[in-house]
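Just so it is clear, none of the values below were taken in a lab; they were calculated from the coordinates. Model, not experiment: these values are computed from the prediction. With ideal geometry, Cβ positions are generated from the backbone for all residues, glycine too; neighbour counts draw on all protein chains shown.
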Amino acid sequence: MSQPLLSMEGVSKAYSADAQILRDVTFKQGSNEFLAIVGPSGCGKTTMLRCISALMSPDSGSVFHEGQSFDDPPPWLSIVFQDYNRSLFPWLSVRRNVEQGLRDVARSERDDRVSEALTAVKLDHAADLYPWQLSGGMQQRCALARSIVTAPRLLLLDEPFASVDAQTRIDLQDLVMDICERMSLSALLVTHDIDEAVFMADKVVVLSTRPATVVEEIPIDLPRPRDQLTTKETPEFLSLRHKVYTLVRQQAQ
C-alpha cells in the first residue's frame, strides 16, 4: 500500500504556556491532490504551514513525506507566499529571480528550466524586466515560476492571491490549477476565501479556532476542468460552499 505524499500526525505547537496554536492536527494528502485549508482568522494556519515545511518544529507529533519524517526544508516542496513584494529581489530581473532556486544547476540546464517556468506562468515576454516594472499579478506569477522551476512535488500556497485585485485573483486561480494539472503537482492552499477553496480543491480541511484542530475533511467531488462561471453555478458547488461556510462560521462564533 502506497504512503500518502504528506501526512500530519498529532501535531501540536505552542509559543508559550498561554499561547497554544495547534492541537493534535492530523490529516493526509495524496499525490496529485489539491488540498485547501480553511478556518477562522488567526487559528494557526500559517503556523501549520511552517511546521509542514520544517521552518518550525512541532512540540509534539510529526510530519511525514511518504512515510518518512524530515527535519530540514525538503527539496520536494516549494512555497508561494502572500506578499510577493517581499519574496522577490527588486534588483534582479524576472529571469534572475526565477533562477535563484537553481544555483547548483549547470548553466545550460538552468536556462532551459527558467524558460520553461516563465512560459508556464505566461511571463516569457517579461523575462528581462524587474519586479518594480510588473503589476501585482505579474509579480505573483514570477514568484510562482520561481517555486515550480525546482520541479517540486508539493506547492504550499499561503494565501497567494490575497494581495491582488478580484480579476487577477480569478486568473491566478485558473493558472495555478492548470500548472498543477500539467505538471502533476500536489498543492496545499491556505485561504480565507471559501469559494476559492471549494472551487480549486479536491478536499477541504476545516480547522477550529485556536488552538486549531481538524473539525472535518470534506471531499470536493466536482469534475475537472473547472470553470469560474459554470462550476460555481452548479447545485453541487453551492451545496459544498454552504457546508464549508457553515462549519467555518460555527467555529468563529
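Some observations on this one:
- The chain: antiparallel DSSP beta bridges as a percent of all, rounded to 5: 50 percent
- Largest to smallest principal axis extent of the C-alpha atoms in segment 135-253, angstrom: 39, 35, 27
- For the chain, the mean residue ellipticity at 222 nm estimated from helices alone is -10500 deg cm²/dmol, where every DSSP H run of n ≥ 4 contributes -39500 (n - 2.57) and the total is divided by all residues, rounded to the nearest 500.
- Scalar couplings 3J(HN,Hα) for segment 3-18, obtained by applying the Karplus form with A = 6.51, B = -1.76, C = 1.60 to θ = phi - 60°, are 7, x, 4, 9, 9, 10, 10, x, 7, 10, 8, 9, 8, 6, 4, 9 Hz; x denotes Gly and Pro.
- Database remark: amide H of Ala187 closer than 5 angstrom to the amide H of Glu33, Phe34, Leu35, Leu155 (H placed geometrically; neighbours at sequence offset of 5 or more, or on other chains; Pro and chain starts carry no H).
- Segment 194-253 - Rg (one decimal) and Dmax (whole number), Cα, Å: 12.0, 37
- Residues listed by number, segment 88-114, amide nitrogen under 16 Å from Leu129 label point at 7 Å toward C-beta: 88-98
- Residue-by-residue Karplus 3J(HN,Hα) for segment 126-135, coefficients 6.51, -1.76, 1.60, Hz, glycine and proline x: 10, 4, 9, 7, 10, x, 5, 8, 10, 6
- Using the Cβ-Cβ distance between Asp18 and Glu109 with R0 set to 45 Å, the FRET efficiency works out to roughly 0.35.
- Too-long pairs where the Cα-Cα distance tops 19 Å, listed order kept, from Lys28/Lys243; Lys45/Lys122; Lys13/Lys45: Lys28/Lys243; Lys45/Lys122
- Convex hull volume per residue in cubic angstrom - Cα atoms of segment 72-148: 96 Å³
- Mean-square fluctuations from a GNM of the chain, with a 10 angstrom spring cutoff on Cα atoms, peak among Arg50, Arg146, Arg103 at Arg103.
- A simple packing score, the average count of other Cβ atoms within 10 Å per residue, orders the peptides 64-73, 155-164 as 155-164, 64-73, with the highest score first.
- Pairwise label distance in nanometres, Thr231 with Lys243, each label 7 Å out on the Cα-Cβ vector: 1.7 nm
- Integer Hz, Karplus 6.51/-1.76/1.60 couplings in order for segment 23-34, x for Gly and Pro: 9, 6, 6, 9, 6, 10, 10, x, 5, 6, 9, 9
- Peptides 112-123, 30-41 ordered by packing proxy, namely the average of other Cβ atoms within 10 Å per residue, highest first: 30-41, 112-123.
- Residue (of Phe64, Gln133, Ala145) at the positive-pole extreme of segment 63-190, dipole from beta-carbon charges: Gln133
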